[in-house]
Amino acid sequence: MGNKEISKRYEDAKRRYQEIGVDVDKALEKLQETKISMHCWQGDDVIGFLNPDGELSGGIMSTGDYPGRARTPEELRQDIDKAFSLIPSKHKLNLHAMYVDTDEEVDLNEIEPKHFKKWVDWAKECEVGLDFNPTFFNHPMFKDGYTLAHPDKEVRDFWIEHGKRSRVISEYFGKELGQKSYNNFWVPDGMKDNPVDRLSPRKRLMESYDEIFSEKIDERYTEDAVESKLFGIGAEAYTVGSHEFYMGYGISRGKTVLMDAGHYHPTEVISNKISALALFSDSLMLHVSRPIRWDSDHVIIMDDELQEIMREIVRNDLLDKTAIGLDFFDATINRIAAWVVGVRNAQKALLKALLDPIAELKEAEQTFDFTKRMVYTEEMKDLPYADVWNYFCQKNEVPVGLAWYDEVKAYEEEILSKR
């Protein structure tokens, strides 16, 4: 499809949306300025560069052996560059602490901003922001299934120091790049079988976090987030950092609560939790993922929950207070394609939400006109949002339709196949 055809279809779609009171240009402006935080760990199967020969721990598993995995920081940045070149507008990269880029021998309780300078230099050149995550797994000090909640003070102190240093690094990202860096804390602590004492580990976890967050940090540049989980491999019966723990901790301590789409019971969805949390928190953070029967972190597709998450954010005017990140890892498919599919789907779902006649729908609901509400929401499903999306891609000078996949296949043949 040529540029003229794309533009013509866009103008036709724009007229159809205007008929129901939707300002398409305004929707595209909002989409343009909304940054998705793309996670670095899809590119190398969650291995990192601190301990690349170690085995994954902390209930995390990446399956598959698709060729071309990034083995060095340079290869990973090269792959990220390729993915970003196929995704419209400017975004952020979500970086885990274990992705240090330094010639020094350094451990997690010794990391400093200088160990991430190459990432910052790259981000400046690419004009992207950086978010951060302390790495509380894949390390010898992850002992007996515990980190910050471990009964041994020496173990806790190691991880507390790591948490403190991570906050300094996140602040450094924000200062250097002029974009607030979200620093997300997640720990895998838990038990495989039923514990006798659930309270003591949670008390230790609370006290460890209080120590980490006791040092003042400039909130203009960084924001702490805390993330819950239902269970993991080796922690099937009990997770210390449950949803209730982090909801209480985040709200009582003024921290951002992060909700991951895969970290709840199979019948729970985070879309239904967003509005409730928004009443009690000044900011929200999401990890948009796709669980299949458990927290399997599949590449996000255009399913009902992805669309409902974006609708909740847009319909409740929460976009400006919500940080949207992705979290999935699949080693059975081309890793760059996984990134591109994921980010573009998140943007498409957001666009669909932005193209809803929200005022009309809310008025119908508030006047108990449920017939109109149903008629409009069903009719919206047939409107040509894809023509608006294609125009958005064209405007941002990225491939339209399947053309991006041709570039990924060429990159695989030229670069990935030779690793």
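For the range 123-181, the set of residues classified as among the hydrophobic types (A, V, I, L, M, F, W, C) and over 20 Å from PRO113 (Cα atoms) consists of PHE137, MET141, PHE142, LEU148, ALA149, VAL155, listed by residue number. Does the range 152-167 contain at least one residue that is over 24 Å from ASP327 (Cα atoms) and surrounded by 23 or more Cβ atoms within 10 Å (Cβ to Cβ)? No, every residue in the range 152-167 fails to be over 24 Å from ASP327 (Cα atoms) and surrounded by 23 or more Cβ atoms within 10 Å (Cβ to Cβ). Please work out if LEU130 is in contact with a Lys or Arg (Cβ under 7 Å, 6 or more places away or on another chain), assigned to a strand (DSSP E or B), touching a residue at least 12 places away in the same chain (Cβ under 8 Å) and of a type in the set (A, V, I, L, M, F, W, C). Spelling it out, LEU130 is indeed in contact with a Lys or Arg (Cβ under 7 Å, 6 or more places away or on another chain), assigned to a strand (DSSP E or B), touching a residue at least 12 places away in the same chain (Cβ under 8 Å) and of a type in the set (A, V, I, L, M, F, W, C). Within the range 274-292, take every residue that is assigned to a loop (DSSP other than H, G, I, E, B) and under 17 Å from the mean Cα position of the chain (by Cα) and give me the one that is surrounded by the most Cβ atoms within 10 Å (Cβ to Cβ). Top of the filtered list is SER289.
For the range 37-46, which positions are buried (at least 23 other Cβ atoms within 10 Å of the Cβ) and of a type outside the set (Asp, Glu)? Residues satisfying the conditions are SER37, MET38, HIS39, CYS40, TRP41, GLN42, GLY43.
For the condition in contact with a Leu (Cβ under 7 Å, 6 or more places away or on another chain) and closer than 26 Å to ASP193 by Cα, MET259 qualifies. Contact annotation: residue pairs with Cβ atoms under 8 Å, 6 or more positions apart or on different chains, pairing a residue in the range 290-304 that is within 22 Å of ALA353 (Cα to Cα) with a partner that is assigned to a loop (DSSP other than H, G, I, E, B) and among the charged types (D, E, K, R), are ARG290/ASP303; VAL299/ASP330. Please specify each residue of the range 362-406 satisfying the condition of being of a type in the set (S, T, N, Q) and touching a residue at least 24 places away in the same chain (Cβ under 8 Å). Within the range 362-406, ASN390, GLN394, ASN396 meet the criteria. The helices (runs of 4 or more DSSP H) found wholly in the range 293-381 and carrying at least 2 residues that are under 19 Å from the mean Cα position of the chain (by Cα) and more than 27 Å from ALA70 (Cβ to Cβ) occupy 304-315, 335-354. For the range 1-37, the set of residues classified as small (Gly, Ala, Ser), part of a helix (DSSP H, G or I) and without any contact (Cβ under 8 Å) to a residue 40 or more places away in the chain is empty.
Taken together, the values in this text are just the output of simple stated rules run on the coordinates, not laboratory data. This structure is a prediction, so every number in the text was calculated from the model and none was measured. Here Cβ is always computed from backbone atoms with ideal geometry, including for glycine, and neighbour counts include all displayed protein chains.
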